[in-house]
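The values are calculated or read from the model by the stated rules, or taken from the named source; none is laboratory data. Remember, it's a predicted structure, so these values are computed and weren't measured experimentally. We place every Cβ from the backbone using ideal geometry, glycine too, and count neighbours over all the protein chains shown. In case anyone asks, the SASA skips ligands and DNA or RNA and just uses the protein heavy atoms, side chains included. Shrake-Rupley method; radii C 1.70, N 1.55, O 1.52, S 1.80 Å.
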Amino acid sequence: MSQDTPSHKDGQISNGLTYADAGVDIDAGNNLVKRIAPMVKATSRPGADSEIGGFGGLFDLKGAGFKDPVLVAANDGVGTKLKIAIETGQHRTVGIDLVAMCVNDLIVQGAEPLFFLDYFATGALDVDTATDVVAGIADGCKMAGAALIGGETAEMPGMYAAGDYDLAGFAVGAAERGTLLPRPDIAEGDVLLGLASSGVHSNGYSMVRKIIEIAGLEWSSAAPFEDGKTLGESLMEPTRIYVKSILSALKTTSGIKALAHITGGGLPENLPRVLPKNCTARIDLAAISVPPVFKWLAKAGGVVESEMLRTFNCGIGMVIVVDKAEADAVAAALQQVGETVVTLGAIEAGGEKSVAFDGKLDLGA
């Protein structure tokens, strides 16, 4: 036994036990903070300078230009998409996913994301992996216009298998009092617009992984639904962040009454969350351009349409309820800033905060 290694005798430890001997490397944590500091600084915005190292992150609402703000908070994770990141070694994009799942929940309430905090937990800190993850979080924050003002890295030996880690994100936004969504005037005839998703986003990955297992494929296999990419590369496409495009449309048009982020539960469960009583959202499924990944998942897994709709976004990541007279202007404003917009249907009177479907999803033969 080397002189630097603690020895055990009669229940006593000689040579001085250290925290590193127990599995926690404080030096690695300090190294991580040094490496991510420039990334964090790059997310600064009015109201926050994004310096890290204090006991808490600071944000100045007045400095951000708000007069009478209402704060809106959201938190979320990435789910079992993390397993693909860990198994493929592709860690950067899950940071974008983490931010997206939180800030998209803020914008649906009309709130501008202001700042973000992250929680990274692992059994043994791998500085390179953690740096990649935080770099992705910083990327997502810049896409959303939010400052990364703090976070926590928890090294917990024995809690996680080797190489595993978990993520949680926390976002806070604000809106001027009286501007929060949904508006109370949602009514029959309002138009439903859909914004295209970038793929599976961050929901349904337990189903995705089961289908991959059934199909006998590996993450390194060629993606059956996308040329030039492996299965792992394609399925790690990050969640689309809709914040800046929707903020732009809210500022330049007046017809947006409600927004619904299409996450777990799909269209059937997320859209009713923003509808008033005695109101039905009628959607034409044939209007949706279903991305190839969903067609392949449905076929390879033998997944019926109703299960696809309640598990995945199926190509629509955000739904907007718009005054009929303003629908064209809102659609044009969103297309101008890069969104793919589809008219899905309209609001009908009657029902109990429900969704009704016409037509069928194009899931292929």
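Miscellaneous remarks
- Failed item in (1) crowded, with 16+ Cβ neighbours inside 10 Å; (2) modelled with pLDDT under 95, with residue 267 passing the rest: (2)
- Neighbours by Cβ (under 8 Å, 6+ apart or cross-chain): first from segment 88-100, more than 23 Å from residue 245 (Cα to Cα); second outside any helix (DSSP H, G or I) and open to solvent by less than 10 Å² (accessible area, probe 1.4 Å): 88/236; 90/236
- Among the conditions (1) surrounded by fewer than 19 Cβ atoms within 10 Å (Cβ to Cβ); (2) within 23 Å of residue 83 (Cα to Cα); (3) within 22 Å of the chain's Cα centre (by Cα), residue 289 misses just one, which is (2).
- Considering residues of segment 37-71 that are touching a residue at least 24 places away in the same chain (Cβ under 8 Å), more than 30 Å from residue 125 (Cα to Cα) and of a type in the set (D, E, K, R) only, the residue surrounded by the most Cβ atoms within 10 Å (Cβ to Cβ): 68
- From the list 171, 175, 74, the one residue that fits, being in contact with a Gly (Cβ under 6 Å, 6 or more places away or on another chain), in contact (Cβ under 8 Å) with a residue 60 or more places away in the chain, under 17 Å from residue 243 (Cβ atoms) and not in a helix (DSSP H, G or I), is 175.
- Qualifying residues in segment 1-36 (those that are surrounded by 14 or more Cβ atoms within 10 Å (Cβ to Cβ) and of a type in the set (A, V, I, L, M, F, W, C)) - the one modelled with the lowest pLDDT: 24
- The set of residues in segment 136-145 that are part of a helix (DSSP H, G or I) and either at positive phi or open to solvent by 10 Å² or more (accessible area, probe 1.4 Å) (or both) comprises 139, 142, 143.
- Look at (1) out of contact with any Leu (no Cβ under 9 Å at 6 or more places or on another chain); (2) open to solvent by less than 70 Å² (accessible area, probe 1.4 Å); (3) closer than 18 Å to residue 284 by Cα and you find that residue 326 fails only one, number (3).
- For segment 295-303, the criterion of being in contact (Cβ under 8 Å) with a residue 40 or more places away in the chain and in contact with a Pro (Cβ under 9 Å, 6 or more places away or on another chain) is satisfied by at least one residue.
- Residue among 130, 168, 121, 154 that is open to solvent by less than 30 Å² (accessible area, probe 1.4 Å), under 28 Å from residue 318 (Cα atoms) and small (Gly, Ala, Ser): 168
- Subset of segment 77-118 that is open to solvent by 10 Å² or more (accessible area, probe 1.4 Å) and part of a strand (DSSP E or B) - its residue that is farthest from residue 257 (Cα to Cα): 118
- Per-region count, segment 292-335, residues in contact with a strand residue (DSSP E or B) (Cβ under 8 Å, 6 or more places away or on another chain), not in a helix (DSSP H, G or I) and not aliphatic (A, V, I, L, M): 3
- Filter result (over 30 Å from residue 71 (Cβ atoms) and either out of contact with any helix residue (DSSP H, G or I) (no Cβ under 9 Å at 6 or more places or on another chain) or not in a loop (DSSP other than H, G, I, E, B) (or both)) within segment 146-160: 155, 156, 158, 159, 160
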